[in-house]
Amino acid sequence: MLGQRTALEWLPAVWLFESNNDHVGQTLKTDPLFQLDAHLTRDFTERFWGALDASWYNGGKASINGVEGTKLNNWGLGLTLGYQVNDNLNLTVG
């Protein structure tokens, strides 16, 4: 039926960081950060849609002058609703 479909998206990413040798007079180094986003999207009508969203971040441990911080391992869940007012205007709430 027109305007009614369901889609599942997976979006992997890797964040790479360069060393900062002038972080308040110290050296800041950050390990790579791995990210995975997922979206289960449903079109309810031709102009109105909703999505269940999930994100996971892992890595990104920072160290300042060799003193290591904590590695990230974070999850997030969300809900997004969108409405296409016209060809040039969309309203989105998340």
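All of the numbers you see were taken from the coordinates with simple rules; none came from a lab. The structure presented is a predicted model; accordingly, all values stated were derived computationally and were not measured. Cβ sites come from the backbone with ideal geometry, for glycine too, and all protein chains shown count toward neighbours.
Pairing residues of the stretch 62-74 that are touching a residue at least 24 places away in the same chain (Cβ under 8 Å) with residues that are among the small types (Gly, Ala, Ser) and assigned to a strand (DSSP E or B), at Cβ distances under 8 Å and at least 6 apart in sequence or on separate chains, gives LYS71/GLY59; LEU72/GLY59. Return the residue satisfying two criteria in turn: it lies in the stretch 53-75 and is part of a strand (DSSP E or B) and more than 13 Å from the chain's Cα centre (by Cα), and of such residues it is surrounded by the fewest Cβ atoms within 10 Å (Cβ to Cβ). Here the residue is VAL67. Of the residues making up the stretch 11-43, those that are loosely packed, with under 13 Cβ neighbours inside 10 Å and either in a loop (DSSP other than H, G, I, E, B) or among the aliphatic types (A, V, I, L, M) (or both) number 9.
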